[in-house]
Structure formats: C-alpha cells, structure tokens
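To start, the structure itself, in structure tokens.
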C-alpha cells in the first residue's frame, strides 16, 4: 500500500498539472479570442482530441496490461502496436480532412483549421503507446514529467503569444494540438529499460529451448494476444471517448459557436476534479493487472470518490466568483453547465474505478458494453436537448452517460466477480481515518522540506 500511495501521489501531481495549466490557459484564450473565437478554436481541435483517444485501438491499455504481467519482449509488442496505430491514424487523418466542412458546421474558418490540428494526430497516437509501456514498467515519474512538459509548454506559449499580440484562432489551434507532443523527451530513459527487458527475454528464451517455452514463450504468446486484448478495450474506448468528447464535436452543428465556447470553458474547469480519479485509475489498473485484490480496489474507489467530491464542491463554490473574473463576464453563463458536469463526475466515479477492476481481470469487454450503452443514452439526450438548451443540454447528456456507464460497471463486477456494489459506495470510519493519515503524512513531508 505504501508503494501504491507513492505511485498515486506521483501520478496525481502529473495529472494535476494538465487541468491546472488548462485552467490558467483558458482565461488567456477566452479573453484574447472572445466567445466566438474560443469556440472556433475549440471546434477545430475537437477532431484531433477525439481522434487521439478514439484511434489508439486500445493498445496503450493492452501494453500496460501485458507489460505489468511480465510479458516480453516489450520491443516487439511496441513495434507491433505502432504499426497498427500508424495505419489507422493515417486513415483517420484523411477521414477528418474529408469531413472538415461537415464537422465545421458551415464555418469556413473552422473548416480551414481542422486539417492543421489533425496533422498532429499520428505522432500523438504513437506517443500514447510509449506512455502505455512506461505505465506497465511503473515509471510513473516519467509519465508525470511527460504530462507536465506538454501542459506547461501550452501555458507558457499561450501567455507569450497573447503578450505579443500573436494569439489568434490559428495559433491557438496549433498551440492546443502541437504542444501535446513535446513531452516525448521525458521517455528517453524508457528505451534502456525496454532493451534490458528484451535482452533478458532472449536469454530466457534460449535457455528454455529443449525444455518447453518458459517465460520467453509466454511473452511471445502475450505479444500475439496484444491486438486481441486491445480490440476488446477499443470497442469500449470508442464508446467511452464518444461519451466524453462527442458532445464538443456535435454541439456546433446542433447549436452555435457561442454555446461551444461556454461548454469548452466549463469542461476545462470541470476537468480539475478528475485529478484523483485519473491517478487512482491509472495506478490501480497496473496494480490489479499484476495482482488482483477486491478489497484494495473497493477501498481505492471510495477514497477516489471522497476526494473527487470534496474537490468538486470547492471548484463549484469558487467558480461562482472566479468564472467572470478569469474568463470575462460573458462566460458567467457557463456556471450552470459546470455544476451539471461536476455532479456527473462525482456520481460516475465509483463505477469508473469498477471499470478498472473489469479490465484488469481480463474482462475489458464488459466495461466496453457499459460504455457503449452509456454512449447511446448520452447521444440520444444530446440530440434531444442541445438544439434547445445548447451547452446545458450537452452537460445533461454527459451526466446521464456517466451514471449509466458507472452503474453498469458495478453490476458487471458484482455479477461476474462477486464483488458487492456496496463496497464501492459506502464510506466508513476506516476510510476517513486513512484519508486523515495520508493528509498528516503529506503535511509532515511538506514541513520537513
């Protein structure tokens, strides 16, 4: 548990930098570009953001799963995954460019910017594979550095462009897409670790000849199964990413640029509360893949929900005053949208961690079905409400999707692995004591420094 706590803390710090940097970058973009300009830049980057998550084919998660279980050779698995992602990534770029006019909702400016943003898609997809390997190797510090470099570069460049009068819709589009790639330099140490693991696999494979496959043969079998596991994850990833990102993609055709601008700002602020959930999910997926423990998983879920709920409450209260101050008075209308998104995040949190339990136990297809059903529910609500209620309708659609996906994950976990749903939902005195103990230790470390 001490090791897991350390890994969660490191991952949480890396994850926190991304939404915090986005939070401080957002006012710069909003006040410089205005509601319509911010909406145009957001709409132009939406296909890139959607494609970055949609077209990984589930392979980053598959790499984490197999590497954490000791599968080798890692280099062969990474090359196989890279070849698959390269092909589908190029096809995705061509598709987005062909559909630019449709996705732009009649805006010539947005249509001209979409090809610029999606040009960064293929290298960003390849970077996600390296991140998957690093997570499987427990290299959480490198993952944190990668995210920190990208986020801080985005913030620094936005400030410089705004100060020099060069922050336009075009440069904002480049800023939000290209800076995703800058963190790749953090993973240079991973190359040595992959080479050592590959050399060890070859040695074990040679030693196992004449006496069975040994660990090397098991690794080769895992390498062949990479695409199969990734495909089962990808099925749900498509639904999951549509659930979380398709609202931004479809809101412009269903509503207008102003509503997109309000919604983008609300999403960026709401992402602040995902820090704990994302960190715990990442670390627990690796830990549960290597050594499944139901009690540990449920405890992590309750801890994540408590921290996420407390953060959501704080963000919601502070935003009453800070939204107009940071983003401008015209963005005050984003507050109801933000509140709905925060509620949806907290309600969906236990099921989100439960989904990690399904994937780490070799049943990612169950989680995929949860996400698919939730996506259908969310998109249905989006088409029903967005034309009349704009950003508020999109937020309600996200709320519905989070509740459906999380609830189904809890049902599957109880049905197939006999892990009671109540273990993920109830909070007892021991949980509160554990939170207090961790806060006390963190305070002591801070005082010593």
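The values are calculated or read from the model by the stated rules, or taken from the named source; none is laboratory data. A quick note: this is a predicted structure, and the numbers were derived from the prediction, not measured. Counting neighbours? That spans all protein chains shown, and the Cβs are built from the backbone with ideal geometry, glycine included.
Taking residue 255 as the residue in question, decide whether it is farther than 25 Å from residue 33 by Cβ, buried (at least 18 other Cβ atoms within 10 Å of the Cβ) and touching a helix residue (DSSP H, G or I) at 6+ places or on another chain (Cβ under 6 Å). No. Assigned to a helix (DSSP H, G or I), farther than 30 Å from residue 296 by Cβ, touching a helix residue (DSSP H, G or I) at 6+ places or on another chain (Cβ under 6 Å) and free of Cβ contacts under 8 Å to residues at least 24 places away in the same chain, is that true of residue 387? The answer is no for residue 387. Total residues in the range 287-305 satisfying the condition of being over 22 Å from the mean Cα position of the chain (by Cα), assigned to a helix (DSSP H, G or I) and under 16 Å from residue 358 (Cβ atoms): the figure is 2.
Apart from one condition, residue 351 fits all of (1) assigned to a helix (DSSP H, G or I); (2) modelled with pLDDT under 90; (3) under 30 Å from residue 228 (Cα atoms); the exception is (2). Considering (1) assigned to a helix (DSSP H, G or I); (2) touching a residue at least 40 places away in the same chain (Cβ under 8 Å); (3) crowded, with 21+ Cβ neighbours inside 10 Å, say which one residue 71 fails and leave the rest. All conditions are met except number (1).
Here is a yes/no grid of residues against (1) in contact with a helix residue (DSSP H, G or I) (Cβ under 7 Å, 6 or more places away or on another chain); (2) more than 22 Å from residue 108 (Cβ to Cβ); (3) modelled with pLDDT under 90; (4) in a helix (DSSP H, G or I):
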| residue | (1), (2), (3), (4) |
| --- | --- |
| 147 | yes, yes, yes, yes |
| 159 | yes, yes, no, yes |
| 176 | yes, no, yes, yes |
| 179 | yes, yes, yes, yes |
| 183 | yes, yes, yes, yes |
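The residue of the range 81-107 that is nearest to residue 125 (Cα to Cα), among those that are outside any helix (DSSP H, G or I) and free of Cβ contacts under 8 Å to residues at least 60 places away in the same chain, is 99. Just a yes or no: is a residue in the range 422-429 more than 27 Å from residue 249 (Cβ to Cβ) and surrounded by 22 or more Cβ atoms within 10 Å (Cβ to Cβ)? Checked the range 422-429: at least one residue is more than 27 Å from residue 249 (Cβ to Cβ) and surrounded by 22 or more Cβ atoms within 10 Å (Cβ to Cβ). Could you go through the range 371-381 and let me know if any residue there is within 26 Å of residue 67 (Cα to Cα), in a helix (DSSP H, G or I) and modelled with pLDDT under 90. Within the range 371-381, one or more residues are within 26 Å of residue 67 (Cα to Cα), in a helix (DSSP H, G or I) and modelled with pLDDT under 90. Scan the range 108-136 for residues that are buried (at least 19 other Cβ atoms within 10 Å of the Cβ), in a loop (DSSP other than H, G, I, E, B) and over 19 Å from the mean Cα position of the chain (by Cα) and the total you get is 0.
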